[in-house]
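Engineer: The structure that follows is given in the form of structure tokens.
The values are calculated or read from the model by the stated rules, or taken from the named source; none is laboratory data. Note that the structure is a prediction, hence the values are computed from the model and not measured. Neighbour counts run over all protein chains shown; Cβ positions are idealised from the backbone, glycine included.
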């Protein structure tokens, strides 16, 4: 799932090259990291060639980036317009079912970082039994701190050695509520990674969001596949309601299961999250041509300009594509205000 | 005198376009502001067309910038190599003497800001009598705060209604010393602005720095003037010792006089000085395409990139010519360390 705009990482993440197409944590781009993670043979299963769902304008750079790793996608499905994750999942399920009716489908965002690749494979293995048994498996991240920026998953009764029924999905909580979640030991962070039989997902969508499924089936029929590229028909896809897979299916379904995932996961939801993840011994996280003097606890990324810092701390400084952001680290969520300002002012060159 | 490199205002000020060629305080460049100040008819005197001394590479942009104001320099003297202010003053004196043996010469740096143009003309007028009487007049800035970044001039006995003999020049003092200077009322800041008869300056140079004068006379003879442009001969000028007019002449001479100048002077010796001078009601000083959110007491200059700031204060942020500086306001003097770093690393593209 490579449909995100990643505006929280503006000005590095732009329409033309959103977060998943950028190298942020390592020398690989996020989608390269993701594709590397989703390949190979593991205990009890083997990854097939990935199916990519992305914006039309990103098909070509994604094919290039994966090609550089020797990865050839099974299909690249291009969205002419963004419709959130439920339609994405539905179309992917239709495509996977056509390709291999017996396959399980793992739905993963293309812009997440997972530091422990082997743990990820173990966690997928842990979910196989429940997915094969007809559950929509979601992977719940071991919650160690009372984060207020994530949704939570409450586990219910045990299904097998690894999976639990989902008792409830919880919206992003207040700090105090998050603390009770952590204390109880019954909650995971919702990372938006899912595994299921395509047929089960499609049946549950028929039950809980038939309008989306119908629109997606129409779109799938109206779209043309050529050379591994499935370009979604714009008119029919535009008519599809936009919704997340969580709201449209996972919350209403009786078939939601959760498997704990302790694998060094981060959705890199902000510059401060990226700083936490990549800071060095000098407490700074730098990328590109950067020279720091008396600088602490700062992230400094540049795609070209030489950046010098003197006597600063707790800053996120990003010089990308002819634009510069300088933000206090604990205010980086306000980049959305800058993005809004730029949208309002028009001449979207900066976005 | 337009020979300065202005490295304290890096990265805006560069070899190719140093401080005096940049618009920093107003929409005019510093040398445009200076040339505007040094024109017209005032009580008791009239400015002649200016003689410019500058680096060879700056002759053409300076001629353009002054041309835009309808100012045609009397002569542009180009230095193929920097030799500090004493040789600059000597060569200028030779040129002015050739042009008009009776003229007084006002020596002024091209990169200073003076907010009160009429006061400046009054101050020049105040110095005429002493200069005509054969003194080397320096203009002492009314010192209101115990600055440690300037040299000081101690006034001695009174010479006329406005001028005093110079009792002593003082190096940049420690804070405590500066405070005693201010308390005494006997000290001015040394702004490096001078007025004299060319013949007196040349005679005093003969007495106190004959080596410089001799080298400058040789250079002047060996140089060719064409179309108002005097290109100094590189070989002879390179052989001239480099020294400041203060050290070489003003300190040793018996003929130094000082006239008080209360005219809103600033040498814009740092980004923080420029911020003090230009900050608006919102406490920020911005230039170019800047959008601030929750930002205080900061200077933000950009020559092209869109710059957004969020939740920061007391910063100097300068995005110029493909380079970005982010410095704590009270550490901006350390830009010299960055300039040194860039020199050492080579590939002087950034300088």
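Engineer: Restricting the first residue to region B:336-351 and requiring it to be within 11 Å of chain A (Cβ to nearest Cβ), which pairs with a second residue that is surrounded by 12 or more Cβ atoms within 10 Å (Cβ to Cβ) and at pLDDT below 80 meet a Cβ separation below 8 Å and a spacing of at least six or different chains?
Structural biologist: Note: pairs meeting the criteria are B:339/B:351; B:342/B:350; B:342/B:351.
Engineer: Can you confirm whether region A:301-310 contains a residue that is touching a residue at least 60 places away in the same chain (Cβ under 8 Å), farther than 18 Å from residue B:298 by Cβ, facing chain B (nearest Cβ under 9 Å) and touching a helix residue (DSSP H, G or I) at 6+ places or on another chain (Cβ under 9 Å)?
Structural biologist: So far as region A:301-310 goes, no, none of its residues is touching a residue at least 60 places away in the same chain (Cβ under 8 Å), farther than 18 Å from residue B:298 by Cβ, facing chain B (nearest Cβ under 9 Å) and touching a helix residue (DSSP H, G or I) at 6+ places or on another chain (Cβ under 9 Å).
Engineer: Working only within region A:5-15, note down all residues that are surrounded by fewer than 23 Cβ atoms within 10 Å (Cβ to Cβ) and in contact with a helix residue (DSSP H, G or I) (Cβ under 7 Å, 6 or more places away or on another chain).
Structural biologist: A:6, A:7, A:8
Engineer: Something else about it: Please tell me if residue A:161 is under 23 Å from the mean Cα position of the chain (by Cα) and either assigned by TED's automatic domain parsing to the domain that holds residue A:254 or touching a residue at least 12 places away in the same chain (Cβ under 8 Å) (or both). If you could, list the steps in order and put the result at the bottom.
Structural biologist: Working: under 23 Å from the mean Cα position of the chain (by Cα): no; either assigned by TED's automatic domain parsing to the domain that holds residue A:254 or touching a residue at least 12 places away in the same chain (Cβ under 8 Å) (or both): yes.
Answer is no for this residue.
Engineer: Just wondering, is there one or more residues in region B:232-255 that are touching a residue at least 12 places away in the same chain (Cβ under 8 Å) and within 11 Å of another protein chain (Cβ to nearest Cβ)?
Structural biologist: In the first step, residues of region B:232-255 are kept if they are touching a residue at least 12 places away in the same chain (Cβ under 8 Å); the result is B:232-253, B:255.
From the residues that got through so far, the ones that are within 11 Å of another protein chain (Cβ to nearest Cβ) too are none.
For region B:232-255, residues touching a residue at least 12 places away in the same chain (Cβ under 8 Å) and within 11 Å of another protein chain (Cβ to nearest Cβ): absent.
Engineer: Regarding region A:190-203, can at least one residue be identified that is assigned by TED's automatic domain parsing to the domain that holds residue A:132, over 19 Å from residue A:105 (Cα atoms) and surrounded by fewer than 21 Cβ atoms within 10 Å (Cβ to Cβ)?
Structural biologist: no
Engineer: Please specify each residue of region A:25-49 satisfying the condition of being under 20 Å from residue A:93 (Cβ atoms) and either surrounded by fewer than 21 Cβ atoms within 10 Å (Cβ to Cβ) or modelled with pLDDT under 95 (or both). Even if it seems obvious, please write down each step before you answer.
Structural biologist: Initially, region A:25-49 is screened for residues under 20 Å from residue A:93 (Cβ atoms), giving A:34-35, A:38, A:45-49.
Once the filter is applied, which keeps residues that are under 20 Å from residue A:93 (Cβ atoms) and either surrounded by fewer than 21 Cβ atoms within 10 Å (Cβ to Cβ) or modelled with pLDDT under 95 (or both), region A:25-49 yields A:38, A:45, A:46, A:47, A:48, A:49.
Engineer: Also: Residues in region B:94-123 that are surrounded by 22 or more Cβ atoms within 10 Å (Cβ to Cβ), closer than 21 Å to residue B:259 by Cα and over 16 Å from the mean Cα position of the chain (by Cα): how many?
Structural biologist: 1
Engineer: List the number of the failed condition for residue B:277; all other conditions in (1) free of Cβ contacts under 8 Å to residues at least 60 places away in the same chain; (2) surrounded by fewer than 17 Cβ atoms within 10 Å (Cβ to Cβ) hold.
Structural biologist: Among (1) free of Cβ contacts under 8 Å to residues at least 60 places away in the same chain; (2) surrounded by fewer than 17 Cβ atoms within 10 Å (Cβ to Cβ), the lone unmet condition for residue B:277 is (1).
Engineer: From the list A:244, A:231, exactly one residue is under 17 Å from the mean Cα position of the chain (by Cα) and surrounded by fewer than 21 Cβ atoms within 10 Å (Cβ to Cβ). Which is it? Even if it seems obvious, please write down each step before you answer.
Structural biologist: Working: A:231 fails: under 17 Å from the mean Cα position of the chain (by Cα).
Just one listed residue meets the conditions, A:244.
Engineer: While we're looking at this one, here's another question. Would a scan of region A:71-89 turn up a residue that is closer than 19 Å to residue A:29 by Cβ, more than 18 Å from the chain's Cα centre (by Cα) and not in a helix (DSSP H, G or I)?
Structural biologist: yes
Engineer: Just wondering, is there one or more residues in region B:59-80 that are over 30 Å from residue B:324 (Cβ atoms), free of Cβ contacts under 8 Å to residues at least 40 places away in the same chain and in contact with a strand residue (DSSP E or B) (Cβ under 9 Å, 6 or more places away or on another chain)?
Structural biologist: The answer is yes, given that some residue of region B:59-80 is over 30 Å from residue B:324 (Cβ atoms), free of Cβ contacts under 8 Å to residues at least 40 places away in the same chain and in contact with a strand residue (DSSP E or B) (Cβ under 9 Å, 6 or more places away or on another chain).
Engineer: Considering region A:311-323 alone, what residues qualify as being surrounded by fewer than 22 Cβ atoms within 10 Å (Cβ to Cβ), more than 7 Å from every other protein chain (Cβ to nearest Cβ) and farther than 24 Å from residue B:330 by Cα?
Structural biologist: Answer for region A:311-323, where residues must be surrounded by fewer than 22 Cβ atoms within 10 Å (Cβ to Cβ), more than 7 Å from every other protein chain (Cβ to nearest Cβ) and farther than 24 Å from residue B:330 by Cα: just A:321.
Engineer: Find the residue count for region B:168-188, including only residues that are part of a strand (DSSP E or B) and either without any contact (Cβ under 8 Å) to a residue 60 or more places away in the chain or surrounded by fewer than 22 Cβ atoms within 10 Å (Cβ to Cβ) (or both).
Structural biologist: Count: 4.
Engineer: May I pose another question? I need a count of the residues in region A:196-224 that are out of contact with any helix residue (DSSP H, G or I) (no Cβ under 6 Å at 6 or more places or on another chain) and assigned to a loop (DSSP other than H, G, I, E, B).
Structural biologist: The total comes to 2.
Engineer: Something else: Of all residues in region A:129-158 being crowded, with 20+ Cβ neighbours inside 10 Å and more than 18 Å from the chain's Cα centre (by Cα), which is nearest to residue A:333 (Cα to Cα)?
Structural biologist: Looking at the filtered set, the residue picked out is A:155.
Engineer: Can you confirm whether residue A:326 is more than 19 Å from residue A:7 (Cβ to Cβ), at pLDDT 95 or above and facing another protein chain (nearest Cβ under 10 Å)? Steps first, please.
Structural biologist: Working: more than 19 Å from residue A:7 (Cβ to Cβ): no; at pLDDT 95 or above: yes; facing another protein chain (nearest Cβ under 10 Å): yes.
Against the criterion (more than 19 Å from residue A:7 (Cβ to Cβ), at pLDDT 95 or above and facing another protein chain (nearest Cβ under 10 Å)), residue A:326 does not qualify.
Engineer: Which residue is farthest from the other protein chains (Cβ to nearest Cβ), if the candidates are limited to region A:288-300 and must be under 18 Å from residue A:268 (Cβ atoms) and out of contact with any helix residue (DSSP H, G or I) (no Cβ under 8 Å at 6 or more places or on another chain)?
Structural biologist: Among those that are under 18 Å from residue A:268 (Cβ atoms) and out of contact with any helix residue (DSSP H, G or I) (no Cβ under 8 Å at 6 or more places or on another chain), it is A:288.
Engineer: Confirm whether residue B:49 is under 21 Å from residue B:245 (Cβ atoms), in a loop (DSSP other than H, G, I, E, B) and either assigned by TED's automatic domain parsing to the domain that holds residue B:279 or over 18 Å from the mean Cα position of the chain (by Cα) (or both).
Structural biologist: No, not satisfied.
Engineer: Another question about this same structure. Mind listing whichever residues of region B:265-287 are in contact with a helix residue (DSSP H, G or I) (Cβ under 7 Å, 6 or more places away or on another chain) and more than 14 Å from chain A (Cβ to nearest Cβ)?
Structural biologist: Matches in region B:265-287: B:266, B:268, B:269, B:275, B:285.
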